[in-house]
Amino acid sequence: MSDPTVSERRIRPIQDAIATENWKQALQLCDKWSKKGEKSDRFLALKAFVLVNQLDKNQHERGQAEVLELCKRHPPVSDPETIYQLQEALKCLSLEEEGPKLWERAVTAKQNDKDLYMRWLNQAILDNNWLSAQKATMGLRKSFPRDRNYEFWNILMCFLIHMQRDLPEKDRMLFGTLAYRMISKAAETIPTDQQKEGQGPGKSISTPEEVALLVQVLNSTGRSAEAVKLLQGDSVGMESTAGKKDPQLVLSLLLESMKLSEQWDQARSWSHGLLSQPEYQSDNRIWHLWLEAQSRLSPDGLDKESQELLDSACNVRPPVRAAYMAKMQYFRSHRGENDLDALLQTCKEYAQAFCQQAFCFDDLKESLRHLDQTRFNDFTASCPEQGNLAQVFRLKLVYSSFSTDVSRKDLVDFASRALQLYQSSLADTTGSGCPEAVVLAILALLKLAAATGETRYTFFAVVLLQIARARFEDFYLFSILLVQLQAYLGLLSLAMDTFTRLSVKNLQWETVGHLILTRISSLHLEGSGLEENHFEPLGELGTGLIILENADSALVRGIREGLRFNSYSNIHNSVEMRADIERSVNRLIYAIEERRLRRFLQMSEETVLPTSSGPLSLVDKRDFAFLPSYRPDDAQLLERFRCGPLPHEKWIAVMALGDNLATYLKAELLSQTALASKAFENLSVSQTNVERLTKDGLETELTTAEKASFECHQILARIVVLAKEGAEHEQLTELLEKLESWLNARILKRRNNRDRPSSGSGSTLAGTGIEIPTWETLHTSLTELETLQIIAMALAVLAAAANKKSKSKSKTSVAVARDTLVKLQKLVVDMEDTIRQEARDLKDQVNAPGVLGKLVDLGLARDEDSELAGLADVLNKLCDEITMETICGRIKDSWDDALDGVLAVKVKSYL
């Protein structure tokens with residue numbers, strides 16, 4: 001047997017070589033120590049792992065044989081570190097399912113080794129393998145029967161298997177039944193009086209967390225009525241020994257079980273009893289259950305007792321917000337005249353009670369939408385007018401009541417009124433200002449921009465937001481709107497700088513990060529400046545991905561700690577969160593954007609984009625709830641000012657095709673054999689995935705430029721596959737003709753745009769005559785440049801194949817005439833030159849003499865013929881000319897910076 005100290009000393013340099021992916025050196029070290037007689041399990045597993053990762057086929061197969069031999073060896077491998085190493089080797093061989101068997105065999109040799117069982121369990125949790133975890137806990141339960149916790153661990157694992165949707169229904173039902181039987185036994189054995197001295201809990205339920213596990217099992221197996229009965233009983237109810245330790249947890253469990261059981265009579269009676277007690281009247285959850293029970297049992301109206309409950313709760317002083325919300329919700333669900341009168345009266349009472357609170361309008365808006373115009377006017381007349389917050393509230397009422405075809409004059413007048421309130425609030429020393437009035441003015445301006453299609457209103461909105469944010473830096477809505485609108489206007493460096501001020505942290509990258517990172521690789525390639533905290537796209541994408549990986553690791557720790565401290569109530573939620581992160585839309589989008597940026601920046605790539613062979617079942621955690629919403633159509637309004645449609649599964653499938661195509665071609669050109677092989681395999685999978693897409697729905701996720709590039713990528717993918725598989729010459733010729741047509745069409749479209757006055761690639765800023773590069777200008781240019789680079793690489797691969805064929809006289813590959821490839825390469829160069837010339841033309845316009853003055857005049861609404869002229873007076877009070885020059889100067893510099901980004905991209909020719 002090898003000396004462990006000597007083995008460790010020999011293994012360490014091999015691990016160092018593996019860490020740097022120096023597989024050749026690692027193999028040399030393995031051979032060296034093997035000849036010296038090193039035969040420890042860890043060394044043998046490490047040597048097999050090194051062999052598996054060799055490019056030489058014979059060595060790879062030898063490694064596979066050694067791995068499998070170690071896995072099946074008698075006596076079995078029982079050293080945990082060796083098992084970990086073998087699991088890594090099995091992953092390289094795509095034999096991950098064999099990993100858990102190593103632990104099963106190991107514990108048969110060491111049945112009383114608790115550390116071995118715990119390592120097995122921890123590994124199973126890391127792998128999300130609950131079947132393996134259940135076997136580990138069952139082994140712990142059997143080998144250490146005196147430890148009561150292992151009983152509940154085993155129940156929990158059976159429950160988690162039951163909740164695993166990707167397992168066969170038969171297996172899920174089996175483990176659900178097992179969990180039910182075991183937890184029921186633990187519930188039945190609860191002593192009638194556990195408070196007697198000296199009496200231990202045994203294996204019966206004795207803590208709130210164990211009660212939570214009981215209820216989770218009962219509810220998930222369709223026995224919620226049984227859960228309700230137990231939770232209202234003496235054994236595990238709120239008054240039981242366990243329940244008294246955490247009554248809020250038991251209350252939450254009972255509310256959940258009541259709703260699932262649909263025992264509405266019992267739900268109404270129980271919730272009514274709780275709501276009669278003042279300490280429960282502020283709990284929205286109880287009100288929601290009571291209202292649902294009411295709607296199921298008495299759809300036509302309230303009985304006297306229920307009416308008295310609502311009236312009584314709303315008469316409490318200080319007023320109870322939850323009670324008023326429940327009362328309004330009830331009357332909203334009925335459309336009778338008396339109900340509408342009651343709803344109006346409740347709204348009035350609520351407004352009187354909470355009109356000085358920021359949440360007042362948000363709570364009322366749904367109810368106000370149910371009122372007819374007469375009642376709405378009645379409500380408006382009843383609202384107080386004194387005080388800044390009261391005036392902002394009235395502005396919200398006005399804005400929310402605009403008709404869909406509101407006139408441009410009304411919108412400008414409203415914006416003026418809102419800005420005047422904001423300006424006067426700044427001079428009011430008794431108040432704190434009204435930043436929300438600016439948000440209302442911005443929304444009115446965006447309605448104007450959407451109705452007219454004129455960019456100047458969006459520009460004006462951006463200027464206003466920058467003026468207001470200078471005074472209210474912590475008012476997050478200003479920064480949120482600025483990020484979106486600056487990016488929309490092509491001011492990407494400013495948008496990135498604004499985004500850094502949001503101080504996005506942790507999982508906010510999953511919910512908020514999309515505001516700036518979506519399509520960032522086709523909008524702006526470099527950082528936002530030289531400041532210490534400047535935004536660097538590639539680094540921020542990496543941060544977003546690392547945060548998600550760290551979140552997964554934190555959840556794994558949380559699950560393990562939950563077991564350690566017998567805290568079961570949140571373990572299932574942690575398991576669900578891990579599954580959500582694994583299937584996160586943002587995770588895939590960030591990975592795609594990061595890889596595209598790396599290609600633009602000509603960085604090396606050693607990996608492929610993970611590709612799913614089946615339909616994606618993704619989880620979307622992108623949040624938009626933080627955006628202002630005073631009207632039902634506000635969300636739709638703000639959607640119009642995004643940088644393209646929101647990406648989902650179709651976008652990901654389309655981008656994966658382009659990514660795998662680019663990865664394969666580059667690997668071929670750099671002679672990265674292993675990478676090229678894997679990328680080609682993924683390319684075939686991507687082709688199958690995109691064939692399932694319905695072209696009619698692509699515009700809901702793809703921009704015009706992305707759809708055009710997708711068309712080209714499909715042609716190129718077919719060319720690459722046919723060329724590699726040795727297709728008929730006629731098939732390749734036909735596809736190359738399609739590629740030529742695509743290039744000619746894109747060149748013609750760009751040249752036609754340039755030839756039209758005021759219809760170039762940018763957008764004209766009305767009132768100034770300046771052509772500016774909006775997000776679409778930048779996105780289209782960078783997307784097309786990326787596609788041109790892929791075409792150039794494809795032509796080079798075809799040329800290399802033709803040279804190889806001419807030398808080898810092979811019949812398995814098709815040679816393409818060099819003249820054809822040169823002709824296509826010339827079109828690539830022509831199109832690149834056209835894109836670059838348009839960028840230079842726009843750059844000249846942005847930097848032309850007098851542009852800054854025109855932007856300042858527009859920002860201060862000095863054009864007397866413009867509808868915005870009515871805002872000039874209030875603008876002059878909010879901002880002086882020097883400040884406006886600074887703002888407009890930064891805007892001009894940002895456009896210049898964005899165009900420099902386009903000009904920095906050069907398509908590399910390989911012919």
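Just so it is clear, none of the values below were taken in a lab; they were calculated from the coordinates. Since we're looking at a predicted model, the values are computed, not measured. Here the Cβ positions follow ideal geometry from the backbone for every residue, glycine too, while neighbour counts run over all protein chains shown.
Based on the alpha-carbon gyration tensor of segment 266-383 and its eigenvalue square roots a ≥ b ≥ c, which shape applies: rounded if a/c is under 1.5, prolate if not and a/b is larger than b/c, or oblate?
Numbers: a/c = 2.14, a/b = 1.35, b/c = 1.59.
Note, shape of segment 266-383 comes out oblate.
If the only charges are +1 at each Lys and Arg Cβ and -1 at each Asp and Glu Cβ, what is the size of the charge dipole of the chain around the Cα centre, to the nearest 20 debye? Mind dumping the intermediate values first?
Values: 110 positive and 127 negative charges, 646 e Å.
The calculation lands at about 3100 debye.
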Query - Potential lengthening between Arg181 and Asp265 on full extension [0.36 nm per residue; Cα-Cα distance subtracted] - result: 27.4 nm
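How many times 2.2 N^0.38 Å is the alpha carbon radius of gyration of the chain? Before the final figure, lay out each step's value.
Numbers: Rg = 33.5 Å, N = 911, 2.2 N^0.38 = 29.3 Å.
Ratio of Cα Rg to 2.2 N^0.38 Å: 1.14.
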Query raised in the report: Using modelled backbone amide H atoms (1.01 Å from N, in-plane), which distant-in-sequence or interchain residues come within less than 5 Å of Ile770's amide H?
Result: Leu765
Query raised in the report: Between Ser34 and Asp819, what length comes free when the chain is fully extended (0.36 nm per residue of separation minus the Cα-Cα distance, one decimal in nm)?
Result: 277.0 nm
Report summary line: Sorting Leu722, Leu878, His648 by the position of each Cα along the dipole of the chain (Lys, Arg +1; Asp, Glu -1; all at Cβ), the one nearest the positive end of that ordering is Leu722
Query - Mean separation of Cα contacts under 8 Å (6+ apart) over length of segment 645-835, as relative contact order % - result: 24 percent
Query - Pairwise label distance in nanometres, Asp405 with Asp127, each label 7 Å out on the Cα-Cβ vector - result: 6.6 nm
Report task. Compute the relative contact order of the chain as a whole-number percentage, counting only Cα pairs closer than 8 Å that sit 6 or more residues apart in sequence. Result -> 8 percent
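I need the GluC sites (Glu not before Pro) found in segment 848-904, filtered to DSSP loop residues with at most 15 other beta carbons within 10 Å of theirs.
Values: sites: Glu864, Glu867, Glu881, Glu885; in loops: Glu864.
Listed in order of number, the matching sites are Glu864.
Sort 294-300, 164-170, 12-18, 212-218 by the packing proxy (mean of other Cβ within 10 Å over each peptide's residues), most packed first. Don't skip to the end; give the middle numbers.
Details: 294-300: 13.0, 164-170: 10.1, 12-18: 15.6, 212-218: 26.3.
Packing order, densest peptide first, comes out as 212-218, 12-18, 294-300, 164-170.
Which of rounded, prolate or oblate describes segment 114-189 when judged by the alpha-carbon gyration tensor and an a/c cut-off of 1.5?
Numbers: a/c = 2.59, a/b = 1.07, b/c = 2.42.
Oblate is the answer for segment 114-189, as a/c is 1.5 or above yet b/c matches or exceeds a/b.
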Report summary line: Of the residues Asn154, Ser553, Val211, the Cα lying farthest along the dipole of the chain towards its positive end, which is defined by charges on the beta carbon of Lys, Arg, Asp and Glu, belongs to Asn154
Query raised in the report: Packing-wise, with mean Cβ within 10 Å as the measure, how do 567-580, 494-507 rank, highest first?
Result: 494-507, 567-580
**Report entry** Dipole moment magnitude, nearest 20 debye, segment 266-383 about Cα centre, only Lys, Arg, Asp, Glu C-beta charged
**Finding:** 220 debye
Query raised in the report: Between Lys57 and Tyr910, what is the FRET efficiency for a Förster distance of 22 Å, r being their Cβ-Cβ separation, to the nearest 0.05?
Result: 0.15
Report task. Sort out for me the Cα centre separation of segment 281-323 from segment 115-154, rounded to whole Å. Result -> 47 Å
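Would you please classify the overall shape of segment 569-657 from the alpha carbon gyration tensor, given that a ≥ b ≥ c denote the square roots of the eigenvalues, rounded means a/c under 1.5, and beyond that prolate means a/b larger than b/c while oblate covers the rest?
Numbers: a/c = 2.19, a/b = 1.22, b/c = 1.80.
It is oblate, given that a/c is not under 1.5 and a/b is not larger than b/c.
I'd like to compare 371-381, 416-426: which one has the highest average count of other Cβ atoms within 10 Å, and what's the full order after that? Working shown, then result.
Values: 371-381: 14.2, 416-426: 20.6.
Highest to lowest by the protection proxy: 416-426, 371-381.
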Report summary line: If the label point sits 7 Å along Cα→Cβ of Arg642, residues of segment 459-481 with amide N under 14 Å come out as none
Query raised in the report: Any idea which of Ala45, Ile83, Gln28 is furthest toward the positive side of the dipole for segment 1-110, if Lys and Arg beta-carbons carry +1 and Asp and Glu beta-carbons -1?
Result: Gln28
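Write out the chymotrypsin sites (Phe, Trp or Tyr not before Pro) in segment 304-369 meeting two conditions: DSSP loop, and at most 14 other Cβ atoms within 10 Å of their Cβ. Please list the in-between numbers first.
Details: sites: Tyr324, Tyr330, Phe331, Tyr350, Phe354, Phe359, Phe361; in loops: Phe359.
Answer by residue number: Phe359.
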Report task. Calculate, for Asp900 and Lys707, the FRET efficiency according to 1/(1 + (r/R0)^6) with r their C-beta to C-beta distance and R0 30 Å; round to the nearest 0.05. Result -> 0.65
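Are there GluC sites (Glu not before Pro) in segment 481-563 that DSSP marks as loop and that have at most 11 other Cβ atoms within 10 Å, and which are they? Each step should come with its number before you reach the end.
On the way: sites: Glu510, Glu526, Glu531, Glu532, Glu540, Glu549, Glu561; in loops: Glu526, Glu531, Glu532.
Hits after loop and neighbour filter: Glu531, Glu532.
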Report summary line: Magnitude of the Cβ-charge dipole (Lys and Arg +1, Asp and Glu -1) of segment 1-110 about the Cα centre, nearest 20 debye, reported as 380 debye
Report task. May I ask for the distance between the Cα centers of segment 1-42 and segment 661-701, given as a whole number of Å? Result -> 38 Å
Query raised in the report: Rounded to a whole number of µm²/s, how large is the Stokes-Einstein D of segment 1-110 at 10 °C and 1.306 mPa s, given Rh as the Kirkwood radius over C-alpha pairs?
Result: 114 µm²/s
